[in-house]
1. Within the range 17-94, report the trypsin sites (Lys or Arg not before Pro) that DSSP leaves as loop and that have at most 12 other Cβ atoms within 10 Å.
2. Whole angstrom only: what separates the Cα centroid of the range 172-224 from the Cα centroid of the range 25-100?
3. Running a GNM on the chain with Cα contacts under 10 Å, which residue among Ala145, Ala214, Ala201 ends up with the highest mean-square fluctuation?
4. Just how large is the dipole of the chain about the Cα centre, in debye to the nearest 20, putting +1 at every Lys and Arg Cβ and -1 at every Asp and Glu Cβ?
5. What's the extension gain from Arg30 to Ala248 if we count 0.36 nm per residue and subtract their Cα-Cα distance?
6. Please identify, among Pro156, Pro66, Pro139, the residue showing maximal mean-square fluctuation in a Gaussian network model of the chain using a 10 angstrom Cα cutoff.
7. Please list the helices of the chain that count as membrane-span-like by this rule: a mean Kyte-Doolittle hydropathy of at least 1.0 together with Cα atoms stretching 15 Å or more along the helix axis, each helix being a complete DSSP H run.
8. Please list, by residue number, every one of the chymotrypsin sites (Phe, Trp or Tyr not before Pro) in the range 21-100 that is coil in DSSP and has at most 11 other beta-carbon atoms within 10 Å.
Amino acid sequence: MTPATIFDDIRLGLVFFTRLPLPHFEVRDRSLADAIWTAPLVGFVVAFLAWLVFATGHALGLAEGPAAALAIAAAMLVTGCLHEDGLSDTADGFGGGRTRERKLEIMRDSRIGSYGAAALVLSVLARWSAIVEIEDPAPVFAALAAAHVGSRALIPAFMRHLPQARVDGLAAGVGAVADGAVIAALAIGALGLLFLGFKGAIVAALCLAILFFAFRKLCLAQIGGQSGDTIGALQQLAEIALLFTASAILA
């Protein structure tokens with residue numbers, strides 16, 4: 001890829017995965033499938049902005065609890081709750097549907113059910129508790145960077161190695177993801193895990209591998225593949241797993 005292509009891919013990734021007010025630009029024959037490798041890079045941007053809010057609150061005298069809550073709120077605001085929405089829809093569909101067709105129907109419904117609401121509450125609470133446990137701004141930055149980069153590094157591989165659960169929808173519209181995009185994202189994700197130190201990165205990578213294959217098996221059993229909602233759910237679960245790992249290592 002040329003520098004111009006890389007730049008276009010990064011801008012495409014930022015446009016899709018965030019709600020940042022970016023200027024209009026023209027894409028030189030690149031699609032979201034081509035640019036999906038930038039997901040972990042976008043994760044670093046989200047992590048930095050969330051940490052900036054945490055560090056500012058900490059510097060102003062806020063306790064770790066309120067500062068952590070503001071950091072999570074900032075990340076959700078930057079991403080437009082894209083992944084949280086996927087988590088809640090997946091929880092509702094997997095928990096409330098009896099058949100594959102009914103599960104997919106529930107996941108497409110914009111209304112939130114009890115499973116989805118519970119999943120959102122638990123997701124926010126889990127992330128908040130991990131950040132509070134870490135406390136200090138420097139290790140919190142390391143934890144947020146590893147979590148946001150590493151969790152998003154799984155997205156291209158998940159899209160590549162699971163069939164589409166339906167012929168339409170957000171994930172189906174992205175198109176086929178190439179092996180090169182998968183490798184690039186995983187390489188960036190591995191670098192992101194090094195914020196936890198070498199031993200921490202090894203432990204985190206093992207946790208991510210177990211989570212990836214377990215969730216892959218669950219999605220195949222529940223809906224026969226992946227969708228945009230399950231991609232969001234995977235990111236959330238991976239982010240939580242990495243923050244828990246970081247809290248055990250850095251706290």
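Values in this text are rule-based calculations from the coordinates and carry no lab data. Everything quoted here is computed from the prediction, not taken from an experiment. A quick note on method: Cβ atoms are made from the backbone with ideal geometry, for glycine too, and the neighbour counts reach across all protein chains shown.
1. Values: sites: Arg19, Arg28, Arg30; in loops: Arg19, Arg28, Arg30.
Here the trypsin sites (Lys or Arg not before Pro) that fit, given the DSSP loop and packing criteria, are Arg28.
2. 17 Å
3. Between Ala145, Ala214, Ala201, it is Ala214 that shows the largest mean-square fluctuation.
4. Details: 17 positive and 20 negative charges, 104 e Å.
Roughly 500 debye for the chain.
5. Values: separation 218, 0.36 × 218 = 78.48 nm, distance 4.05 nm.
Length difference between fully extended and current span is 74.4 nm.
6. Pro66
7. Numbers: long enough: 3-17 (21 Å, 1.12); 39-59 (30 Å, 1.83); 64-79 (23 Å, 1.54); 82-96 (21 Å, -0.54); 114-134 (30 Å, 1.38); 137-161 (37 Å, 0.84); 179-193 (21 Å, 1.93); 198-223 (37 Å, 1.83); 228-250 (32 Å, 1.19).
Helix filter hits for the chain: 3-17, 39-59, 64-79, 114-134, 179-193, 198-223, 228-250.
8. Working: sites: Phe25, Trp37, Phe44, Phe48, Trp51, Phe54, Phe94; in loops: Phe25.
Loop-located and lightly packed - Phe25.
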